[in-house]
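The values are calculated or read from the model by the stated rules, or taken from the named source; none is laboratory data. Source: prediction; values computed, not measured. Using ideal geometry, Cβ is built from the backbone for each residue, glycine included, and neighbour counts are taken over all protein chains shown.
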């Protein structure tokens, strides 16, 4: 345990030192406060319009940003140390590969978790002070929880990339492709499937397919509880599926554990 | 006799097509300093990795402190080993003290221990500065401090003196001598040879993954049977004419004399009253090393020729 804490502590402090925590928190805070108060500016009004519109627009922006940030933060975790020679050195220490992996995950996951909580929490608290409505806290609570899990999931995916890549620059390229796939291509493919398949895709089949993408699960978590009038496209159909937020969050947790397990297996067979 | 601290028995390690190591046998006693010499790609780093337990041998067995280093139960033993990899880039944005504290904590040691080590290697004045501002020599010293964490019983040093200036090199060898008296075994991996001879107990020369020679420098020198250089000054140019000296003449003023003839020739030269000065140079480690490498190359060339011949015959 001491080893894991030591590694986590180092990674967390690296995150502080590189201003990652500060910049991510700032981005999230500006985004959420901005959307909360000026999201309706296009229609000529400022101030909170409706909670569901706010969360819907927050979610559709965060779904692009969070995976990108997590991948950027973690893609060089292993390949970077491998290039510098410290990975080999660390493995000659009384430190197992899993301890190193979980230590890094704890440290970098801590940065993501703290940034999401502080960043999005700001506007939640501002709103709560103004409106004194418990529903705000609850909705934002789910939002922050799912955003954190989404970030952790992509941190773990970044570790897989980092452990498989032979060079840092290749890892960066693969990370970008991964982001592009999950954030854009996957949904386009789903839409194409929806339109293209003549016999029609059943609602449950569509929802099941969406479980293959953590970004879509994140969207579902946050839109499931809202007015479906604020949501359109393929999501609207999926939302009507009867998956509870807790179930969705559990699946999202699976999307953290699964890549982390795969990363651990890859690390075990990795040649140094 | 004490049990060896490190023992490699008939160890082979192959990567896909590359035979990194073949049939290596080595026993390293406690407090012994072994010089491991070979060209780049000779298998030095692979051997270190095997001893460290980062990789496992394909054939044979590696034992370190009575344990298999690649086995799970040997993890706690790793705190008693120090390793300096070649060309390691420490975390650039961290300060020297932060880097060393991180590594010390992983071995269960404190920040105070890290500070002591930084003082020992002589970079305590720069410990608050980020590593990216360090010179090559300072980085190397930081690496050494890292290897010294926790007073290891076994030190594996890959090219430890690269980038060190002569005085730092001397200081480094002093600390090796000091560790040796404390009972630490050291494997010094190097291809920089001058100066290392007096600090090692035995030398191992490897090439292409096989052992070419293993023994004390004196043993290696004796079995290589390299001539001693004698350079007399004076003598009024009789070297070429003298029947006794003529066969050994290498150039106008240098004699190359086999080890067993050395004293006879010296006595003969000293008897000459016109001799004004004399220099005697035994074969150094560099020459011994070159001799064994050439011998190894000849042998493998011989094997290839024999193979070609048998193929041709078939």
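Overview of values
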read-out: Per-region count, the stretch B:112-126, residues assigned to a helix (DSSP H, G or I) and either under 29 Å from the mean Cα position of the chain (by Cα) or within 12 Å of chain A (Cβ to nearest Cβ) (or both); value: 9
read-out: Search result, residues across the stretch A:11-24 that are more than 13 Å from residue A:70 (Cα to Cα) and assigned to a helix (DSSP H, G or I); value: A:11, A:12, A:13, A:14, A:16, A:17, A:22
read-out: Any chance residue B:35 is surrounded by fewer than 19 Cβ atoms within 10 Å (Cβ to Cβ), out of contact with any helix residue (DSSP H, G or I) (no Cβ under 7 Å at 6 or more places or on another chain) and either under 27 Å from residue B:297 (Cβ atoms) or not assigned by TED's automatic domain parsing to the domain that holds residue B:151 (or both); value: no
read-out: Identity of the residue in the stretch A:125-152, without any contact (Cβ under 8 Å) to a residue 24 or more places away in the chain and assigned to a helix (DSSP H, G or I), that ends up nearest to residue A:33 (Cα to Cα); value: A:125
read-out: Those residues of the stretch A:243-272 which are within 14 Å of another protein chain (Cβ to nearest Cβ) and in a helix (DSSP H, G or I), in sequence order; value: A:267, A:268, A:269
read-out: Failed condition for residue B:45, given (1) within 12 Å of chain A (Cβ to nearest Cβ); (2) more than 19 Å from the chain's Cα centre (by Cα); (3) crowded, with 18+ Cβ neighbours inside 10 Å; value: (2)
read-out: Count - residues of the stretch B:8-42 that are closer than 15 Å to residue B:154 by Cα and within 14 Å of chain A (Cβ to nearest Cβ); value: 0
read-out: Qualifying positions in the stretch B:141-159 - assigned to a helix (DSSP H, G or I) and either touching a helix residue (DSSP H, G or I) at 6+ places or on another chain (Cβ under 8 Å) or under 14 Å from residue B:98 (Cα atoms) (or both); value: B:141, B:142, B:143, B:144, B:145, B:146
read-out: Residue, nearest to the other protein chains (Cβ to nearest Cβ), within the stretch B:90-100, restricted to residues that are assigned to a loop (DSSP other than H, G, I, E, B) and free of Cβ contacts under 8 Å to residues at least 40 places away in the same chain; value: B:93
read-out: The one condition in (1) touching a strand residue (DSSP E or B) at 6+ places or on another chain (Cβ under 9 Å); (2) at the interface with another protein chain (Cβ under 8 Å from one of its Cβ atoms); (3) crowded, with 22+ Cβ neighbours inside 10 Å that residue B:103 fails to fulfil; value: (1)
read-out: Lone qualifier among B:261, B:313 - being in contact with a helix residue (DSSP H, G or I) (Cβ under 9 Å, 6 or more places away or on another chain) and either at pLDDT below 80 or under 30 Å from residue B:244 (Cα atoms) (or both); value: B:261
read-out: So residue A:238, is it farther than 30 Å from residue A:103 by Cβ, at pLDDT below 95 and surrounded by 17 or more Cβ atoms within 10 Å (Cβ to Cβ); value: yes
read-out: Given (1) assigned to a strand (DSSP E or B); (2) more than 10 Å from chain A (Cβ to nearest Cβ), number of the condition residue B:82 does not satisfy; value: (2)
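Rundown of residues vs (1) under 17 Å from residue A:79 (Cβ atoms); (2) at pLDDT 85 or above, yes/no style:
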| residue | (1), (2) |
| --- | --- |
| A:147 | no, yes |
| A:178 | yes, yes |
| A:194 | no, no |
| A:205 | no, no |
| A:209 | no, yes |
